[in-house]
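Enquirer: Here it is, the structure, as structure tokens.
Computed from the coordinates by the stated procedures, all read-outs in this text should not be read as laboratory data. Quantities reported herein were computed from a predicted structural model and do not represent experimental measurements. Virtual Cβ from ideal backbone geometry, glycine too; neighbours counted across all protein chains shown.
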Ligand SMILES: NC(=O)c1ccc[n+]([C@@H]2O[C@H](COP(=O)([O-])OP(=O)(O)OC[C@H]3O[C@@H](n4cnc5c(N)ncnc54)[C@H](OP(=O)(O)O)[C@@H]3O)[C@@H](O)[C@H]2O)c1
């Protein structure tokens, strides 16, 4: 495992998360990176986790405020106890963890390989589960846990059966842990994003017609942005929102309730939106 610290700028407007320390996975890009910047701008110190050291450094360097740290780890393969020990070294406590790391390997059932299933399961379900377990002794009370799931875990989309299974599993884990961990002062919730423009789905955004359909299917008439999700994560972690627990907050532009969405999700499109 490689680790580093950087940055000494003070946040312009420290807010709800002042003095809090959060571990964020998937911090090297997309939603996870946006979560790091959002929480840091509100005064938090971040432990940013991902595999790509260059991009992790960039995330941490663009976070406001002092005391951020990055940890390079492969969540599918590395020892997660060692990762938790490193994050909590010197007795440092953690006020929350955000599980944004994820793998999206779409495909119809005929095309899906055991390797794809295994990678998605290990990264999307096994890793966040074992990481919460490993971090338990290091979490403060109160603390917050937020899983990033997906609308795929709530609806049916052709071409996403294996990915959707992992996201549905994360929702099930969230509900159970919300009950198990509440007595310890640990509040567990999830965010289910709709289509958010990130590297994960860049291949679908090459097709202008598909983007137009996705935009039309959203009641917000646009694709989602990582900031839409990071603000929701900030809300769920905010200790003032302690009555929000065991909850999945869908941030999807109203996609599942939109009549138009039904046309976007027809099998001929292979439904390959994440
Ligand atoms: N974008 C969407 O439309 C959408 C919709 C619903 C849900 N989601 C969920 O949102 C989360 C974030 O996705 P994103 O859109 O931000 O995609 P992204 O930009 O591709 O980010 C994925 C992140 O996961 C990390 N990751 C993947 N495998 C890993 C592993 N084995 N070990 C450590 N880190 C690993 C990547 O780190 P490295 O690059 O450093 O390896 C990267 O930081 C995912 O859980 C995804 O399923 C996304």
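Enquirer: What value, in deg cm²/dmol to 500, does the helix sum -39500 (n - 2.57) over DSSP H runs of n ≥ 4 give at 222 nm once divided by the residues of the chain?
Expert: That calculation yields -10500 deg cm²/dmol at 222 nm.
Enquirer: Sticking with this one: Distance between Cα centroids, the range 208-239 to the range 132-189: provide it in whole Å.
Expert: Comparing the Cα centres of the range 208-239 and the range 132-189, I get a distance of 20 Å.
Enquirer: Using 18 Å as the cut-off for backbone N distance, which residues of the range 214-234 belong to the label zone defined by a point 7 Å from the Cα of residue 247 along Cα→Cβ?
Expert: 228-234
Enquirer: For the chain, take the alpha-carbon Rg, divide it by the Kirkwood Rh, and send me Rg/Rh.
Expert: 0.96
Enquirer: Okay, moving on. Have a look at the DSSP beta bridges in the range 2-269 and tell me what percent are antiparallel, nearest 5.
Expert: Here the antiparallel bridges make up roughly 15 percent for the range 2-269.
Enquirer: Additional query: Please compute the length gained on full extension between residue 219 and residue 158, using 0.36 nm multiplied by the number of residues separating them and subtracting their Cα-Cα distance.
Expert: Length difference between fully extended and current span is 19.8 nm.
Enquirer: Oh, and also: Which order do peptides 247-257, 119-129, 104-114 fall in by mean Cβ count within 10 Å, highest first?
Expert: 119-129, 247-257, 104-114
Enquirer: Here is a further query. Counting only the backbone N, which residues of the range 52-68 are under 12 Å from the spot 7 Å out from the Cα of residue 86 toward its beta-carbon?
Expert: Taking a point 7 Å out along Cα→Cβ of residue 86, the residues of the range 52-68 whose backbone N falls under 12 Å are 52-53.
Enquirer: Below 8 Å between Cα atoms, with a sequence gap of 6+, how large is the relative contact order for the range 1-124 in percent?
Expert: Answer for the range 1-124 is 29 percent.
Enquirer: Can I ask one more? Over the range 2-269, what is the relative contact order in percent, taking alpha-carbon pairs closer than 8 angstrom and at least six residues apart?
Expert: The value is 18 percent.
Enquirer: Okay, next question. Which residues among the range 96-128 fall inside the zone where the amide N is under 15 Å from a point 7 Å beyond the Cα of residue 176, along Cα→Cβ?
Expert: Correct set: 125-128.
Enquirer: Sort 139, 39, 237 so that the residue with the fewest other Cβ atoms within 10 Å of its own Cβ comes first and the one with the most comes last.
Expert: Result, fewest neighbours first: 139, 237, 39.
Enquirer: Taking neighbour Cβ counts within 10 Å as the exposure measure, how do 89, 150 sort from fewest upward?
Expert: Lowest to highest Cβ neighbour count: 89, 150.
Enquirer: What list do you get for 235, 195, 243 if you sort them by fewest beta carbons within 10 Å?
Expert: 243, 235, 195
Enquirer: Using a/c under 1.5 as the rounded threshold, could you call the range 41-103 rounded, prolate or oblate? The axes a ≥ b ≥ c are square roots of the C-alpha gyration tensor eigenvalues, and prolate needs a/b larger than b/c, oblate otherwise.
Expert: oblate
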